[in-house]
Amino acid sequence: MANVLIGSYTARLDASGRIKVPEKFREVIEQVYGKDLFVTSLSDDSIKIYPLSVWLAMTDLTSDGALHLRPDVRKFMLRVNRNGSRHELDSKGRVLISQALREKARLRDEVEVLGLSNHLEIWNKDVLDGTLEEKPLSDQDFESIARLIPRGKPE
């Protein structure tokens, strides 16, 4: 099994606002990262579920001293922590998504769960389809992405 979260699966929210993390994702999260998660939104169109260790590594400000005093960093931290919360996968592989986050992302019964390498995104399927249709990848996007891919040594 690969140690990355990739692909897309349909899932359902239960009446309490919990989502059962698709099994392929759950296995990777539990084996590689453990059960501790951070659930938040960086924008209001989707929900992000980070393994807690990934979130902490991404937002570790102590190595750079007072970085948290920068206005842009402070604004980011306020936004993601305002409705974000720490959770643990329960014994059935479910995680709670707060009502505030569900409302902002327009999540209802059926949702799309996408693996983005080291975290998950939860989308309302119609919102996701509209976003992908409105903002298709361009040739310039592909060129930018190609520049990010490490190149091997010539033989």
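List pairs: first residue in segment 1-21 and under 11 Å from Leu96 (Cα atoms), second residue among the small types (Gly, Ala, Ser) and surrounded by 12 or more Cβ atoms within 10 Å (Cβ to Cβ) anywhere in the structure, Cβ distance under 8 angstrom, at least six positions apart or on different chains.
From residues that are under 11 Å from Leu96 (Cα atoms), the pairs are Gly17/Ser98; Ile19/Ala11; Lys20/Ala11; Lys20/Gly93; Val21/Ala11; Val21/Gly93.
For residues that are small (Gly, Ala, Ser) and more than 18 Å from Trp123 (Cβ to Cβ), scanning just segment 1-54, find the one that is least open to solvent (accessible area, probe 1.4 Å). Let's see the steps before the verdict.
Looking only at segment 1-54, we keep the residues that are small (Gly, Ala, Ser), and these are 2, 7-8, 11, 15-17, 34, 41, 43, 46, 53.
Within this subset, residues satisfying the condition of being more than 18 Å from Trp123 (Cβ to Cβ) are 2, 15-16, 34, 53.
Working: Ala2: 61, Ala15: 113, Ser16: 68, Gly34: 23, Ser53: 61 Å².
Of everything passing the filter in segment 1-54, Gly34 is least open to solvent (accessible area, probe 1.4 Å).
Kindly indicate which of Val54, Val80, Val73 is modelled with pLDDT under 95, within 16 Å of the chain's Cα centre (by Cα), farther than 18 Å from Glu30 by Cβ and assigned to a helix (DSSP H, G or I). Before the answer, list the steps.
Details: Val54 fails: farther than 18 Å from Glu30 by Cβ; Val73 fails: within 16 Å of the chain's Cα centre (by Cα).
On inspection, the qualifying residue turns out to be Val80.
For Glu112, are the conditions met, namely being closer than 19 Å to Leu42 by Cβ, surrounded by 11 or more Cβ atoms within 10 Å (Cβ to Cβ), touching a helix residue (DSSP H, G or I) at 6+ places or on another chain (Cβ under 6 Å) and not basic (Lys, Arg)? Walk me through it before giving the result.
Details: closer than 19 Å to Leu42 by Cβ: yes; surrounded by 11 or more Cβ atoms within 10 Å (Cβ to Cβ): yes; touching a helix residue (DSSP H, G or I) at 6+ places or on another chain (Cβ under 6 Å): yes; not basic (Lys, Arg): yes.
Criteria met by Glu112.
Kindly check whether there is at least one residue in segment 25-48 that is outside any strand (DSSP E or B), on the phi < 0 side of the Ramachandran plot and without any contact (Cβ under 8 Å) to a residue 12 or more places away in the chain.
Taking segment 25-48 and keeping what is outside any strand (DSSP E or B), we get 25-35, 41-46.
Checking which are on the phi < 0 side of the Ramachandran plot leaves us with 25-33, 35, 41-46.
Among the residues that remain, those that are also without any contact (Cβ under 8 Å) to a residue 12 or more places away in the chain are: 43.
Checked against the condition, which is being outside any strand (DSSP E or B), on the phi < 0 side of the Ramachandran plot and without any contact (Cβ under 8 Å) to a residue 12 or more places away in the chain, segment 25-48 yields at least one hit.
The values are calculated or read from the model by the stated rules, or taken from the named source; none is laboratory data. What you see is a predicted model; the values in this text were computed from it and never measured. All Cβ positions, even for glycine, are placed from backbone atoms using ideal geometry, and neighbour counts span all protein chains on display. When the accessible area is computed, the model is the full protein with side chains, heavy atoms only, and any ligands, DNA or RNA have been set aside. Shrake-Rupley method; radii C 1.70, N 1.55, O 1.52, S 1.80 Å.
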